[in-house]
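Each remark here refers to the structure printed beneath this line.
The values are calculated or read from the model by the stated rules, or taken from the named source; none is laboratory data. Just so it is clear, the model here is predicted, and its values are computed rather than measured. Please note: Cβ atoms are built from the backbone with ideal geometry, for glycine as well, and neighbour counts cover all protein chains shown.
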Amino acid sequence: MDMAINQTDFSFIPEREKSIRTKGQQMQAIQCQADSVAGCVSQRACVYCGARVVLNPITDAVHLVHGPIGCASYTWDIRGSLSSGADLYRHSFSTDLREEDIIFGGERKLMRCIDELAERYHPPVMLVYSTCIVGVIGDDLEAVCRLASKRHRIKVIPVQSSGFSGNKSDGYRIACEVLLRMIASQERILYQPFHLNYLGDYNLAGEAWIICGYLQEIGINVNVAFTGDSRCESLLTAPGAALNIVQCAGSMGYLAKRMEEIYGIPFLNVSFLGLEDTMQSLRRIADFFANPYIIKRCEALIERELAQYGPIVKQYRQHLKGKKAAVFVGGGFKAISLIKQFRELGMEVVMVGTQTGRQEEYDAISQLVAEGTVILDDANPSELERFMLEQGADLLVGGVKERPLAYKLGLSFIDHNHERKHPLSGFTGAANFAREVEQTVCSPVWKYLDGPIHTGRINP
Amino acid sequence: MWDYTPPEIIPRNGIVINPAKTCQPIGAMYAALGVHRCLPHSHGSQGCCSYHRMHLSRHFRDPIAASTSSFTEGAAVFGGGANLKTALKNVFAIYNPDIIAVHTTCLSETIGDDIQVYINQAQVPPGKAVIYANTPSYVGSHVTGFSNMVKGMVKGLSVNNNHPNGKVNIIPGFVNPGDMREIKRMLKAMEVRFIMFPDTSGVLDAPLTGKYEMYPAGGTKIEELIDAGNSTVTLALGSFASEDAAQELRKKAKVRPLILRNPIGIRATDNFLMAVSRATGQEISAELEEERGQVIDVMVDLHDQYQDKKVAVFGDPDIVIALTSFLLELGMVPNYVLTGTPSEAFAKEVEQMLDEAGIKGRVKAGGDLFTLHQWIKEAPVDLLMGTSYGKYIAKAENIPLVRVGFPILDRGVHSYLPIVGYKGALRLIEMISNALLDKQDREAADEDFELIL
Ligand code: SF4
Ligand code: SF4
């Protein structure tokens, strides 16, 4: 078989060189957090996108996008975040700015839209997102929202998320600021010693429910998840918690730090991906509360769940041992967890990339992976293609834009983003993950790739 | 769930709830992908580009490559000229397309970037081309963006150099690669020589080979786009997506334009094929006549299953107009017809069709799905036809949804198969009658449940 991976001579954008590393070769720091290069086929999203994904799971809020229609259309119900009741957040609201608004300013139209929505839905909170254009035409979002809050006696909060003012991570930070505004209250804070907040789980496929169920079982109550199935009212209970646990530090690390400063709530970074990490995280939480009852219940739960799901994972491991995975996800923390989780499945991670990973996280990744693993910050399709093929990956874990690429290359794929099909958190999630990986890696469909017309693939 | 829609119509003064349209650049991006070895370039912030690629990726279930000028605060203040010039240089050097198709975004439009000037100042390697279109989303919709980019192809490339090529230009409109393939098949069956643009067949429905091709084999070639100026006539299918480019060809190269409806259903396909035949002198082949006869046969077999059923249709104007006409041919009652694209002509054209059929319906351009839902709450329909976004209404009101148009995000295969031509008509009839009968079977009381329908 032809070993050439691609006839294209890969001349990379020189600026990109600093964003790619191979473990064992050059061990300088990776360049991350840089903006995409002009002319790059980048996978990176904007500030609005970051802010919206974090805030969207506030289910009883009106999410009003102030801008032209597109920004609202593309974010209509794409999050996959489940709600136990309210579903106002699954509607798309837009001020649909037109030419005359661009010329004369959009403030009046915005005010009219807020009025209409407030009168129709009486939401407890309205979040008003600004998009690029609003930043340029200079609408005073803050002033309009202040006026609207008074007029309708509800919280109308501006989300200053003009896309060009940074990247997705900046959007996360802005969303955290908004959340801080939402949890602030005039009332006295009711301190609850056995309550915590769960940060950085968006209840995709109902994942937060699984974790909240575990915690409840061992005697710990969850005040609110940031953000998944979150209601405005429950957000107000957040300041009374004894602890914040943080699943996705990329998006929520900032909120955890700020809540520690403001409310004195300590935080723990946790991960509920994979048996190992789930077990460890639960133990660390139980230890924090240092209550014998909680610790006992925690051990009982772990024992029961491991007995139920451990064998399932082991069974899949038999089919998956020795297969190679490539990981390209949003945050560095998730990448770290996935590397460990693949280890549980007997698989080796041969390429790791993230969109918003931070230096500490890249360092941790470097520690974890084997020699020769490629590590990259951001990535364009040609880079992903090159490294996946060069490294002989069997599977890619990624988001919506990577799925078709993997499939085109004849690689199996798992969505570990908004489009995940099953919950992947906790013990049951680890079993689901193993099953999903097995289902796609061992699918009969890959057999048909190696037909007579098939060319250019490295793996036999 | 989904009980936020009150039946009583309250006048609205600005707010759009659950849009039935999206923004211009995505249409421009889609059009550009129909040019061979073309990389669409989004001149704006990286976020827009990312959303547009993602959305197209979801509809076509294929990778979508496009580059961005990656605006930052500086560009937003000082203009995006430097970004665009660097971008063009980088894109040619690294991704090596034959042509780059630049479209703007709301942001670059608002700050007033002059794309033509920037392109003139940019270094374009010899033998390569750059075309562009202005695509502000605060005007029109994604269909407008598509139309603008197709026009941009003509503007940037087509020339009449007095060498008549005897060909027909076909502009297929904002349809799936499966439709474009079908149009080509019909033309080939008539042995017609043609230039079709854009043509996403072979690009967005390319086979899986185990290799990622940034530029798959399909797409209209640059030479063809240039040569389009020498053709005899341009058949523009759908006035919203295709007319502007046809008029531009008339202005620029004196190619006669002929504006037709998208060939959806019997009559529109007849008209299309007859127009082709008249323009070229080629006969409508026996093969196509046979296909037509098959559709009529099926319509006779099944008419009692769908006739007189009420239908709500929504989506892009060209498709909705053509579909409405087909539904009338089938004896169905399309009494709610809505597009998200703003337009005065749309309502006139549809209302006239409904009037002629004696149907009192509701028609709206620039509408949203909240409005459509309200209409349906007020007086229900039997069937809903439109994009995936119709599924909320379908679920809330227990109405079967036949998915047509863009985008379809929750089903596969749609982009490979046509709704145009006689083959497309067959497929639509199958989808419509199956949807109605599936519901009937599912809900039938035991004593009414029948094997033979
Ligand atoms: S800013 Fe304009 S171009 Fe960008 S996504 Fe929003 S509507 Fe579309
Ligand atoms: S306009 Fe700005 S905010 Fe909207 S999608 Fe584009 S980059 Fe993001």
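Out of A:Ile137, A:Ile102, which single residue is closer than 25 Å to B:Ser137 by Cα, in contact with a Gly (Cβ under 8 Å, 6 or more places away or on another chain) and within 8 Å of chain B (Cβ to nearest Cβ)?
On the way: A:Ile102 fails: in contact with a Gly (Cβ under 8 Å, 6 or more places away or on another chain).
Unique residue meeting the criteria: A:Ile137.
Taking the conditions (1) touching a residue at least 40 places away in the same chain (Cβ under 8 Å); (2) in contact with a helix residue (DSSP H, G or I) (Cβ under 8 Å, 6 or more places away or on another chain) in turn, A:Tyr293 satisfies each one other than (2). Residues in the range B:120-146 that are more than 10 Å from chain A (Cβ to nearest Cβ), in a helix (DSSP H, G or I) and surrounded by 19 or more Cβ atoms within 10 Å (Cβ to Cβ): B:Val143, B:Thr144, B:Phe146. Considered as a group, the residues in the range B:19-48 that are in a loop (DSSP other than H, G, I, E, B) and at pLDDT below 95 include one that is farthest from the other protein chains (Cβ to nearest Cβ), and that residue is B:Gly44.
Restricting the range A:74-100 to residues that are part of a helix (DSSP H, G or I) and free of Cβ contacts under 8 Å to residues at least 12 places away in the same chain leaves a set whose member that is surrounded by the most Cβ atoms within 10 Å (Cβ to Cβ) is A:Glu99.
Examine the range A:24-40 for a residue that is away from chain B (no Cβ under 11 Å), at pLDDT below 75 and surrounded by 19 or more Cβ atoms within 10 Å (Cβ to Cβ), and state whether such a residue exists. Don't jump to the end; show me each part of the working.
First, the residues of the range A:24-40 that are away from chain B (no Cβ under 11 Å): A:24-33.
Then keep just the ones that are at pLDDT below 75; that gives A:24-33.
Within this subset, residues satisfying the condition of being surrounded by 19 or more Cβ atoms within 10 Å (Cβ to Cβ) are A:30, A:32.
Checked against the condition, which is being away from chain B (no Cβ under 11 Å), at pLDDT below 75 and surrounded by 19 or more Cβ atoms within 10 Å (Cβ to Cβ), the range A:24-40 yields at least one hit.
Of all residues in the range A:404-429, those being in contact with an Asp or Glu (Cβ under 8 Å, 6 or more places away or on another chain) and within 14 Å of chain B (Cβ to nearest Cβ) number 8. Only a single item in (1) assigned to a helix (DSSP H, G or I); (2) hydrophobic (A, V, I, L, M, F, W, C); (3) within 16 Å of ligand 2 (Cβ to nearest atom); (4) under 21 Å from A:Ala61 (Cα atoms) is not met by A:Val136, and it is number (4). Considering the range B:170-268, the qualifying strands (runs of 3 or more DSSP E), each wholly inside and each with 1 or more residues that are of a type in the set (S, T, N, Q), run over B:233-237. Take A:Ala364 and tell me if it is touching a residue at least 60 places away in the same chain (Cβ under 8 Å) and aliphatic (A, V, I, L, M). Answer is no for this residue. Going through (1) modelled with pLDDT under 95; (2) more than 7 Å from chain A (Cβ to nearest Cβ) one by one, B:His52 falls short only on (1). Annotation: B:Thr341 fulfils all but one of (1) within 14 Å of chain A (Cβ to nearest Cβ); (2) over 27 Å from B:Pro136 (Cα atoms); (3) part of a loop (DSSP other than H, G, I, E, B); the unmet one is (2).
Based on what the data block shows, is A:Ala241 at negative phi and crowded, with 20+ Cβ neighbours inside 10 Å?
Criteria met by A:Ala241.
So, A:Asp115, is that one of a type outside the set (A, V, I, L, M), part of a helix (DSSP H, G or I) and buried (at least 20 other Cβ atoms within 10 Å of the Cβ) or not? Spell out how you get there, then give the answer.
Details: of a type outside the set (A, V, I, L, M): yes; part of a helix (DSSP H, G or I): yes; buried (at least 20 other Cβ atoms within 10 Å of the Cβ): no.
In short, no.
The set of residues in the range A:95-120 that are among the small types (Gly, Ala, Ser) and out of contact with any His (no Cβ under 8 Å at 6 or more places or on another chain) contains only A:Gly105. Which residue is nearest to ligand 1 (Cβ to nearest atom), if the candidates are limited to the range B:124-139 and must be under 20 Å from B:Gly173 (Cα atoms) and in contact with a helix residue (DSSP H, G or I) (Cβ under 6 Å, 6 or more places away or on another chain)? Of everything passing the filter in the range B:124-139, B:Ser137 is nearest to ligand 1 (Cβ to nearest atom). Once the range B:65-75 is narrowed to residues that are modelled with pLDDT of 90 or more and within 16 Å of ligand 2 (Cβ to nearest atom), the residue that is surrounded by the most Cβ atoms within 10 Å (Cβ to Cβ) is B:Ser69.
Of the set (1) more than 7 Å from every other protein chain (Cβ to nearest Cβ); (2) under 29 Å from B:Ile111 (Cβ atoms); (3) surrounded by 23 or more Cβ atoms within 10 Å (Cβ to Cβ), all apply to B:Phe60 but (2).
Can we say A:Leu306 is surrounded by fewer than 21 Cβ atoms within 10 Å (Cβ to Cβ), assigned to a helix (DSSP H, G or I) and touching a Phe, Trp or Tyr at 6+ places or on another chain (Cβ under 8 Å)? When the stated conditions are applied, A:Leu306 passes them. Does B:Met149 count as crowded, with 23+ Cβ neighbours inside 10 Å and within 16 Å of ligand 1 (Cβ to nearest atom)? It is true that B:Met149 is crowded, with 23+ Cβ neighbours inside 10 Å and within 16 Å of ligand 1 (Cβ to nearest atom).
Those residues that are surrounded by 24 or more Cβ atoms within 10 Å (Cβ to Cβ) and either within 8 Å of chain A (Cβ to nearest Cβ) or of a type outside the set (Gly, Ala, Ser) (or both), I need them from the range B:76-90; list them, please. Even if it seems obvious, please write down each step before you answer.
Going residue by residue through the range B:76-90, those that are surrounded by 24 or more Cβ atoms within 10 Å (Cβ to Cβ) are B:80, B:83-84, B:87-88.
Listed by number, the residues that qualify are B:Asn83, B:Leu84, B:Ala87, B:Leu88.
Considered as a group, the residues in the range A:318-372 that are assigned to a helix (DSSP H, G or I) and aromatic (Phe, Trp, Tyr) include one that is modelled with the lowest pLDDT, and that residue is A:Phe333. Taken as a whole, the range A:197-216 holds at least one residue that is among the acidic types (Asp, Glu), crowded, with 21+ Cβ neighbours inside 10 Å and within 29 Å of A:Phe342 (Cβ to Cβ). Only one of the numbered conditions (1) touching a strand residue (DSSP E or B) at 6+ places or on another chain (Cβ under 8 Å); (2) within 12 Å of chain B (Cβ to nearest Cβ) is violated by A:Ile157, and that is (2).
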